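The values are calculated or read from the model by the stated rules, or taken from the named source; none is laboratory data. Please read these numbers as outputs of a predicted model, since none were measured by experiment. Please note: Cβ atoms are built from the backbone with ideal geometry, for glycine as well, and neighbour counts cover all protein chains shown. SASA here: full protein model, heavy atoms, side chains in, ligands and nucleic acids out. Shrake-Rupley method; radii C 1.70, N 1.55, O 1.52, S 1.80 Å.
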Amino acid sequence: MSGMPFTFEGKAVMMERALGSAGISILCQDAQLSIFYAENLPPHFAVLFAPGSSDAVLFGDAHSRYLTTLKHKVLETGIPNNAEVEIDVDGERRTYELKIQRTGERGAHGLLSVMTEVTESRHREKVLKSLLRELSHRSKNLLAIIQGIATQTARNTLSLDSFLLKFRGRLQSLSNSQDLITDSSWRGAYLFELAEKQFAPYWPETAGSMPIYGINAHLTPNAAVHLGLALHELIVNSASFGAISGGSASITLNCREAMINDRKAIEVAWAEVLHDQAEVHEFSDNSFGRTVLERVVPSSVNGKAELNLVPGRIEYRLTIPETEFEIFKRV
């Protein structure tokens, strides 16, 4: 394919277009760091530039001192270097990266700086680092919870089979709560969905709808994890010895507004009527389930709890302060 070669002016126009589409600016400086040529500068830099301008004119005195030191080093050594500057533009902080290299022959060296805006990419990097720190923090918390579950379950079981059965159930409970939290992008979980997730493996089809009433509060991730553990202990006990084991629906889980230490709170109340007033349960004084309900969960949410074991009835009330939930809609 033949055609007329580009003129110098045509090549310059094509270069300008290429720089513009790539969002790249060029600055050329002499050995005294005087800017004698610039191309495709963003508007807020373009209005400041004139041949002979300095870094101080474009970037301000603070950045100029840093850039002067760095650029003199590039001139002396010939080793390219990078720099970043943050500029306030119309009330917004914008970040620019400069890739600086020496140009010219010995005795007539200068500098070429290729400048690009990296504001969005740096913002994404900061967000990603923040998310990774949060993920690391939450992972450590989960590992600590799992370690505690394993230790306490082992202390309260007499055989390996019994340990594995209870430990797997508690891990599954933790996993169910964590699924809801992850699905919400770590914002937490709604109480009704959390309770349904914990009830689902044990609730008999013949018992009708799950007995969850009151306020569907949105719980923080911390509250969701620990309330999930409490519900698991109550539900598994009921499925083993109580109302669920007999196919009865004589259970209610109710959430209502309350107060704790003159602060707004919610009270999550479990009430279970047993078939037989002589029914046994797993909540002996030193059991892990009772420790979870009375000590671990209320302490973890900075709330309070009360477990009442009376003939024919199991009652549990957990009060959660407002720092651990929000009420978006009252039912």
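Spot the failing condition for residue 269; the list is (1) of a type in the set (A, V, I, L, M); (2) modelled with pLDDT of 95 or more; (3) surrounded by 21 or more Cβ atoms within 10 Å (Cβ to Cβ), and only one is missed.
(3)
Restricting the search to the range 99-151, which residues are in contact with a Phe, Trp or Tyr (Cβ under 9 Å, 6 or more places away or on another chain) and under 23 Å from residue 26 (Cβ atoms)?
If the condition is that a residue be in contact with a Phe, Trp or Tyr (Cβ under 9 Å, 6 or more places away or on another chain) and under 23 Å from residue 26 (Cβ atoms), then 110, 115, 116, 117, 118, 119 are the ones that fit.
Given the condition free of Cβ contacts under 8 Å to residues at least 24 places away in the same chain and among the hydrophobic types (A, V, I, L, M, F, W, C), answer yes or no: does some residue in the range 306-324 qualify?
Yes, there is a match, as at least one residue in the range 306-324 is free of Cβ contacts under 8 Å to residues at least 24 places away in the same chain and among the hydrophobic types (A, V, I, L, M, F, W, C).
Take residue 240 and decide whether it is small (Gly, Ala, Ser), surrounded by fewer than 17 Cβ atoms within 10 Å (Cβ to Cβ) and in contact with an Asp or Glu (Cβ under 8 Å, 6 or more places away or on another chain).
Against the criterion (small (Gly, Ala, Ser), surrounded by fewer than 17 Cβ atoms within 10 Å (Cβ to Cβ) and in contact with an Asp or Glu (Cβ under 8 Å, 6 or more places away or on another chain)), residue 240 qualifies.
For residues in the range 173-208 being touching a residue at least 12 places away in the same chain (Cβ under 8 Å) and of a type in the set (Val, Ile, Thr), which is surrounded by the fewest Cβ atoms within 10 Å (Cβ to Cβ)?
Out of the qualifying residues, it is 206.
Would you confirm whether or not the range 156-174 contains a residue that is more than 30 Å from residue 191 (Cα to Cα) and either part of a strand (DSSP E or B) or aliphatic (A, V, I, L, M) (or both)?
Scanning the range 156-174 turns up at least one residue that is more than 30 Å from residue 191 (Cα to Cα) and either part of a strand (DSSP E or B) or aliphatic (A, V, I, L, M) (or both).
Out of all the residues in the range 182-215, which are part of a loop (DSSP other than H, G, I, E, B) and either at positive phi or among the β-branched types (Val, Ile, Thr) (or both)?
Those that are part of a loop (DSSP other than H, G, I, E, B) and either at positive phi or among the β-branched types (Val, Ile, Thr) (or both): 185, 186, 188, 208, 215.
Would it be correct to say that residue 166 is open to solvent by 40 Å² or more (accessible area, probe 1.4 Å), of a type in the set (D, E, K, R) and within 17 Å of residue 292 (Cα to Cα)? Show your work before the answer.
Details: open to solvent by 40 Å² or more (accessible area, probe 1.4 Å): yes; of a type in the set (D, E, K, R): yes; within 17 Å of residue 292 (Cα to Cα): yes.
The answer is yes for residue 166.
So residue 151 ticks every box in (1) under 22 Å from residue 223 (Cα atoms); (2) open to solvent by 100 Å² or more (accessible area, probe 1.4 Å) but one. Which box is left unticked?
Every listed condition holds for residue 151 apart from (2).
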